[in-house]
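For reference, the structure is listed below as structure tokens.
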Amino acid sequence: MNRRSFVTAISAGTLGTAIFARAEKVFTQEKNPVAPSDQVRLGIIGAGSRGQEMIRHFLRVPGVHIAGLCDIYEPRFAATRKITGEETPIYRDHRRLLEARDLDAIVVATPLNLHAEHVITSVQSGRHVYGEKSLGLTLEHCNKIVEAAKQNGKHFQVGHQYRYAPWFQEVIQRVGKGEIGKVTHIYGYWHRNASWRRPVPDPKFERLINWRLYKEYSGGLTAELGSHHIDFANWVFGAIPESVTGSGGIDTYRDGRETNDNVQIIFRYPGGRTFTFSSLTDNAKAGAAAWVYGKDGSVEVTMADAIFYYEPKRSSPVSDVMEQGVRTGATYSIKGEMPYRGPGTPVKLPEGAAGNPNFLACKSFIESLRNNARPFADEHVGWASGVSVYLANRAIEEGRRIMFADHVRIK
Amino acid sequence: MNDNICPWSRVNHLIIAAVICFAATSSSPALAAPNQIFYESRPAMGTSFDVYLYAPNRERASQLFEAAFDEIERVEAALSNYRPSSELSRINASAADAPVVTDPEVFALLERAFVYSQKSNGPFDVTVGKLMKAWGFFRGAGHYPSSEELARARGQTGWQRVKLDQRTRSVFFLVRGIEIDLGGIGKGYALDCVARVLREAGVTAALISSGSSSLYAIGAPPGKAGWPVRVPDPLDRTRTLSTILLKDQSLSTSGNYEKFFQLNGQKYCHIIDPRTGRPVEGMLQTSVIAPEATDSDALSTAVFVMGPEHSARLLDSVAGTSAIFVTDKKGMGRVVQVRWPNQAKNAAQLIKTEER
């Protein structure tokens, strides 16, 4: 395959401002407030565990009604109707769902390989779309989604919900203002101690339920877990990577799966900046977090909070060893090498404002529709992390460094 | 991962493991028994959740444990009042400003909790959040409140001060400062949710518990009539008050020993009577059996506050319930049973057993 065939010209203008935004508070502005009682009717394509969770969050937004469910796994209809609390119309083919007249927007929460087909047909049907991350399984999928949203003039919001978390936004603002000095490194990790394999009532449903474990449908840990961290690094650095290297393997759960059960990825960004990501499935000590390292301090960001730490001021970094008035070396002390284990300075949030990032993302999407405002985590945000996921997995698979410029181009 | 077969050493509460272990040892490969028992425990909702389940192998058991604990996490993420990102925290933070729309599941649970407030005429009240804080039982080890603190907390308590609108699925606090605390029903609800998930995954025998407060039995161990469960004597918890068999049922226990503090020789337990604003006195322990853990959890708290003399109508209102009370009579226990399946043992400290 000619690698150049993957090259896509995405202009900076097309890419939009979102991934480079230094994050003003990004809840959409209420230009034309619409009464919360005005209904927004959503159709759901993909009513599995993630789709069901998003339905719960959308139903917490005033005026949202789930008007249709589409899936190919029969038991999900009853389970999802319990969540909607009504006999929501069901569809076994997304094209039939899209023929329904009473839908304002579509939520796509299907396996990654289906995102492109489901998002593109949804915007072509004239609906706005909330699409789960990662954007698409391949570069082609990612590019086509961006083009389809543009051509059809519909809003698209990608499921990078942490863009809507107030503590993430505050970190971006404060880091952008230089509070921890020049940022050169981000370390992100999502470590779990579980196989990632879900119970299957019948072996014939193995690939349907455990799609995350098979390359035909999934980008594995890089896509399902790492894409959030990748999006965060893109956001902090205000850029997409220049190159990526990585490793990974199926080393713990040799159970027929095809996607790695551990990955380690290094992205290099313009300006000599680096983002390192790790995902394990056999040790959960570290959990999920990202550390932003600057010359003057660090910040740890998690799914629930963020904590700043500051580097000690060092006017005299080493003590000289003097022998008979002659400097012969520097003393060695472990003091400066030990990890700092004291308290940091948590990001303070007004009581009750912390919120759930999923809910805030859903609420913001509905506000985008009501106000006809572009979502903050739009298709360009999704494209930037989506192509990074794809190229990282290729770097792991091919065992080499991949240059982004060989595959994507930002004019 | 605490993944053991036959977890004798970890049984520290209500569960009797005798039958569990016999069943497990009988499932040797030579006998070609289809299932073994597996066990895992993880911290959640401020306590530990224990799951015992029968599965054909460890791999399958691990998947089921993941599904079970994922479900507990899902419920906790929605209902915790310790997590600022929970749906309950969002409701508590905003419902005094304007009605807060919530999803059907959370709304239905709130409705169910308020039905218990209505049925009990107050003793079960999920708006006790401020009273729990005044008495130091939220993130604390207890604290005797001043009369001003108590008066303020009582002014911010009362299920009648919350308006649930079914049409809009919204929650509105008529008084600023109200806080909903689902501590009296949430863990039971989580057990029911886990039971549903395990059943959907094909599990036919499991026992799930949340700390020492509630447990739910799916089916029974192979060849057995039910899961044996020990209800402890509250005056000496190493002794047994009653042993029962549970099958597709739940058991919840409320005790004055779970969280309490002592001041000037007086014991103050964490179960508050919303009518007086003070910890319940004169009650040592209540246990309730019900078809669903949501109900047994709420009922064990409600009847702990109400006492055996005033609980009959409430217990009668939920089909399939039974209860056992141990009240405190000058340091001695008095046992009262309501449709309880087994006669309580006459433990040394228990002076009288009554059937109502």
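At a glance:
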| read-out | value |
| --- | --- |
| Unmet criterion (only one of (1) more than 14 Å from every other protein chain (Cβ to nearest Cβ); (2) in contact with a helix residue (DSSP H, G or I) (Cβ under 8 Å, 6 or more places away or on another chain)) for A:ALA405 | (2) |
| Filtered residues of segment A:53-80 (kept if more than 10 Å from chain B (Cβ to nearest Cβ) and of a type in the set (D, E, K, R)) | A:ASP71, A:GLU74, A:ARG76 |
| Residue that is nearest to A:VAL292 (Cα to Cα) [pool: residues in segment A:159-175 that are aromatic (Phe, Trp, Tyr) and open to solvent by less than 10 Å² (accessible area, probe 1.4 Å)] | A:TRP167 |
| Scope segment B:220-258; condition part of a loop (DSSP other than H, G, I, E, B) and surrounded by fewer than 19 Cβ atoms within 10 Å (Cβ to Cβ); matching residues | B:PRO222, B:GLY223, B:LYS224, B:ALA225, B:GLY226, B:LYS247, B:ASP248, B:TYR257, B:GLU258 |
| Filtered residue count, segment A:292-314, keeping only those that are surrounded by fewer than 19 Cβ atoms within 10 Å (Cβ to Cβ), under 16 Å from the mean Cα position of the chain (by Cα) and of a type outside the set (S, T, N, Q) | 2 |
| Any hit, segment A:315-331, residues being assigned to a loop (DSSP other than H, G, I, E, B), at pLDDT below 95, open to solvent by 10 Å² or more (accessible area, probe 1.4 Å) and within 12 Å of chain B (Cβ to nearest Cβ) | no |
| Elements of type helices (runs of 4 or more DSSP H) in segment B:31-139, at least 1 residues being within 24 Å of A:ARG56 (Cα to Cα) and open to solvent by 10 Å² or more (accessible area, probe 1.4 Å) | B:58-79, B:87-94, B:104-120 |
| Hits in segment A:83-98 (condition: surrounded by 14 or more Cβ atoms within 10 Å (Cβ to Cβ) and within 12 Å of chain B (Cβ to nearest Cβ)) | A:ILE83, A:THR84, A:GLY85, A:THR88 |
| Complete set of residues in segment B:102-141 that are out of contact with any Pro (no Cβ under 9 Å at 6 or more places or on another chain), away from every other protein chain (no Cβ under 14 Å) and among the β-branched types (Val, Ile, Thr) | B:VAL115, B:VAL126 |
| Answer residue from segment A:120-142, given it is hydrophobic (A, V, I, L, M, F, W, C) and not in a strand (DSSP E or B) and is surrounded by the most Cβ atoms within 10 Å (Cβ to Cβ) among those | A:LEU135 |
| Residue count, segment B:67-92 (criterion: among the polar types (S, T, N, Q) and facing another protein chain (nearest Cβ under 9 Å)) | 4 |
| Considering residues of segment A:99-116 that are without any contact (Cβ under 8 Å) to a residue 60 or more places away in the chain and under 20 Å from the mean Cα position of the chain (by Cα) only, the residue nearest to the other protein chains (Cβ to nearest Cβ) | A:HIS115 |
| Given (1) free of Cβ contacts under 8 Å to residues at least 24 places away in the same chain; (2) of a type outside the set (A, V, I, L, M, F, W, C); (3) open to solvent by less than 20 Å² (accessible area, probe 1.4 Å), index of the condition B:LYS267 fails | (3) |
| Checking B:VAL318 against (1) more than 18 Å from B:MET332 (Cα to Cα); (2) assigned to a helix (DSSP H, G or I), the condition it does not meet | (2) |
| Tally, over segment A:187-219, of residues that are within 14 Å of chain B (Cβ to nearest Cβ), assigned to a helix (DSSP H, G or I) and of a type in the set (A, V, I, L, M, F, W, C) | 3 |
| Checking A:GLY178 against (1) within 14 Å of chain B (Cβ to nearest Cβ); (2) open to solvent by 30 Å² or more (accessible area, probe 1.4 Å); (3) in a loop (DSSP other than H, G, I, E, B), the condition it does not meet | (1) |
| Matching residues in segment B:54-66 - criterion: being away from chain A (no Cβ under 11 Å) and among the hydroxyl-bearing types (Ser, Thr, Tyr) | B:TYR54 |
| Filter result for A:TYR189 (in contact (Cβ under 8 Å) with a residue 12 or more places away in the chain and under 23 Å from A:ALA116 (Cβ atoms)) | no |
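Yes/no per residue for (1) part of a helix (DSSP H, G or I); (2) not aromatic (Phe, Trp, Tyr):
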| site | (1), (2) |
| --- | --- |
| A:LEU221 | yes, yes |
| A:ASN234 | yes, yes |
| A:ARG257 | no, yes |
| A:PHE267 | no, no |
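The values are calculated or read from the model by the stated rules, or taken from the named source; none is laboratory data. All of these numbers come straight from a predicted model, not from anything done at the bench. FYI the Cβ positions are ideal-geometry reconstructions off the backbone, even for glycines, and counts take in every protein chain you see. Each accessible area value is taken on the protein alone, full model and side chains, heavy atoms only, with ligands, DNA and RNA left out. Shrake-Rupley method; radii C 1.70, N 1.55, O 1.52, S 1.80 Å.
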